[in-house]
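J.: Got a structure for you, written out below as structure tokens; questions coming shortly.
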Amino acid sequence: MSDELTKHTVGIIMNGVTGRMGTNQHLLRSIMPIIRQGGVKISEDEVIIPDPVLVGRNPVKLQNLQDQTGIEKWTTDLDSVLEDDDYQIYFDAQRTDLRFDSVKKAVAAGKHIYCEKPTAVSTEEAVKLYHIAEDGGVKHGVVQDKLWLPGLAKLQQLKEQDFFGKILSVKADFGYWVFEGDTIPAQRPSWNYRKEDGGGIILDMFCHWRYVLDNIFGEVKRVSCLGATHLDERYDEDGKPYEATADDAAYAIFELENNVVAQFNSSWTTRVRRDDLVTFQVDGTDGSAVAGLREAWIQPHSATPKPVWNPDVDSDHNFNEDWIKMPDQQEFDNAFKVQWELFLRHVVKDEPFRWDLLEAAKGVQLAEIGYKASQQREWMDIPSLT
């Protein structure tokens, strides 16, 4: 073993880091822990050290982040850091409708791209971003964090072990009550509920559902969707009422390859009575599993009860007790942090990273077709993207 440690310092432009996701998941729970652990360890004598600069429009928020994290470099001038050769990666966690122009500018500056999803508000723009990055010769990736959640990792493990047999269906129930903002502050920013600002739960969540389904259960082939705006008035960050023009709930059925049926409910207007804010149930010929964000429960065919439907008699059977909780057989790190480390390895060591801007465009495509299916009240096919 060498006595000298090779350090690869990677400058990261973190644009939009003052927002909820940018601050919490990417800065505080990903980049800062990577820095505190001494970087991304490649080998006993080689490590990658992130060197972030914080970028946003609000200097007060940026200063507060500096005080909180100790990161000294911040600016409201994106162009100035795009011209700086010390920064190799451009990361974007801005509002969706601002992302296309900023990423395009970063590619022109020769920066590798890592960004939140949706990558654009239309499939055309999302695909165009992919080709811009490819033509620009830069590496590019998109956040697809749920693939590294412990709950979904356990479902993936069960699938690889053929626990389910033939998978028949997947059901997901996601959501919670997002307060209107009048008497109790809302948990999400107001732009999420304005269509004109890139808001809407279909655009937000279908980008997640596409990569979850494609990567774990099977490629999405068709979609039927009903979107709804259940609350048409909300209150912004200043307490002023505004018209909620974006969908706050979506009820969808996806037809996957191999005839698997996926039924997903997504809502910011529901109250939770389930194991987690999102639960996934997979039913197969040999067994079923239910997973939340971190935990999973299984019920093999041999341990499946035989209930009899009789609505005229009270049942004292506790169906929850028929499930076996899966043990934690490994330690799970923060899902966002795990993918950040993989992307940094991709940039520095050219290790494979398949979650690129084309994969991101597939999510935008599913959302766009989901909107059309909702408007036209019909099933719609999902064509291949190139």
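J.: Say whether the condition of being closer than 28 Å to Arg210 by Cα and assigned to a strand (DSSP E or B) is met by at least one residue in segment 313-326.
T.: Yes: one or more hits.
J.: To continue, here is another question. Taking only segment 313-353 into account, find how many residues are modelled with pLDDT of 90 or more and over 30 Å from the mean Cα position of the chain (by Cα).
T.: Within segment 313-353, residues that are modelled with pLDDT of 90 or more and over 30 Å from the mean Cα position of the chain (by Cα) number 4.
J.: Given (1) crowded, with 18+ Cβ neighbours inside 10 Å; (2) touching a Phe, Trp or Tyr at 6+ places or on another chain (Cβ under 7 Å); (3) more than 18 Å from Tyr251 (Cβ to Cβ), where does Asp182 come up short, assuming only one miss?
T.: The number of the failed condition is (1).
J.: Moving on to the next point. Report whether or not Tyr193 is surrounded by 18 or more Cβ atoms within 10 Å (Cβ to Cβ), among the aromatic types (Phe, Trp, Tyr) and closer than 25 Å to Leu147 by Cα. Lay out the reasoning, then the answer.
T.: On the way: surrounded by 18 or more Cβ atoms within 10 Å (Cβ to Cβ): yes; among the aromatic types (Phe, Trp, Tyr): yes; closer than 25 Å to Leu147 by Cα: no.
No, not satisfied.
J.: Output the number of residues of segment 316-369 satisfying the condition of being closer than 14 Å to Trp148 by Cα and polar (S, T, N, Q).
T.: Of the residues in segment 316-369, 3 are closer than 14 Å to Trp148 by Cα and polar (S, T, N, Q).
J.: Let me ask another. Please specify each residue of segment 173-205 satisfying the condition of being under 21 Å from Leu226 (Cβ atoms) and in a helix (DSSP H, G or I).
T.: Within segment 173-205, Asn192, Tyr193, Lys195, Ile201, Ile202, Leu203, Asp204, Met205 qualify.
J.: Of all residues in segment 308-365 being in contact with a Phe, Trp or Tyr (Cβ under 8 Å, 6 or more places away or on another chain) and β-branched (Val, Ile, Thr), which is farthest from Thr9 (Cα to Cα)?
T.: My answer is Ile324.
J.: Can you pull out the residues in segment 36-94 that are farther than 26 Å from Pro118 by Cβ, of a type in the set (Val, Ile, Thr) and surrounded by fewer than 14 Cβ atoms within 10 Å (Cβ to Cβ)?
T.: Val60 - this is the single residue of segment 36-94 that is farther than 26 Å from Pro118 by Cβ, of a type in the set (Val, Ile, Thr) and surrounded by fewer than 14 Cβ atoms within 10 Å (Cβ to Cβ).
J.: So which residues in segment 244-258 are surrounded by fewer than 22 Cβ atoms within 10 Å (Cβ to Cβ) and in a strand (DSSP E or B), if there are any at all?
T.: If the condition is that a residue be surrounded by fewer than 22 Cβ atoms within 10 Å (Cβ to Cβ) and in a strand (DSSP E or B), then Ala249, Tyr251, Ile253, Glu255, Leu256 are the ones that fit.
J.: Could you please let me know if Ile216 is over 27 Å from Ala289 (Cβ atoms), surrounded by fewer than 23 Cβ atoms within 10 Å (Cβ to Cβ) and among the aliphatic types (A, V, I, L, M)?
T.: no
J.: It is to be established whether one or more residues within segment 103-123 are without any contact (Cβ under 8 Å) to a residue 12 or more places away in the chain and in a helix (DSSP H, G or I). Give the steps one after another, and end with the answer.
T.: Looking only at segment 103-123, we keep the residues that are without any contact (Cβ under 8 Å) to a residue 12 or more places away in the chain, and these are none.
No, that holds for no residue.
J.: If you don't mind, another one. Where residues in segment 135-174 are over 23 Å from the mean Cα position of the chain (by Cα) and outside the structural domain of Phe217 (by TED's automatic domain parsing), which of them is surrounded by the most Cβ atoms within 10 Å (Cβ to Cβ)?
T.: Among those that are over 23 Å from the mean Cα position of the chain (by Cα) and outside the structural domain of Phe217 (by TED's automatic domain parsing), it is Gly136.
J.: Inspect all residues belonging to segment 255-265 and state whether any of them is without any contact (Cβ under 8 Å) to a residue 12 or more places away in the chain, more than 28 Å from Ser224 (Cα to Cα) and over 19 Å from the mean Cα position of the chain (by Cα).
T.: no
J.: Give me a count of the residues in segment 95-122 that are among the basic types (Lys, Arg), surrounded by fewer than 24 Cβ atoms within 10 Å (Cβ to Cβ) and at pLDDT 95 or above. Outline the logic, then answer.
T.: Initial filter on segment 95-122 (among the basic types (Lys, Arg)): 95, 99, 104-105, 111, 117.
Now narrow it down to the ones that are surrounded by fewer than 24 Cβ atoms within 10 Å (Cβ to Cβ): 95, 104-105.
From what is left, the residues that are at pLDDT 95 or above are 104-105.
The number of residues fulfilling the criteria is 2.
The values are calculated or read from the model by the stated rules, or taken from the named source; none is laboratory data. None of the values given here were measured: they were computed from a predicted structure. Neighbour counts run over all protein chains shown; Cβ positions are idealised from the backbone, glycine included.
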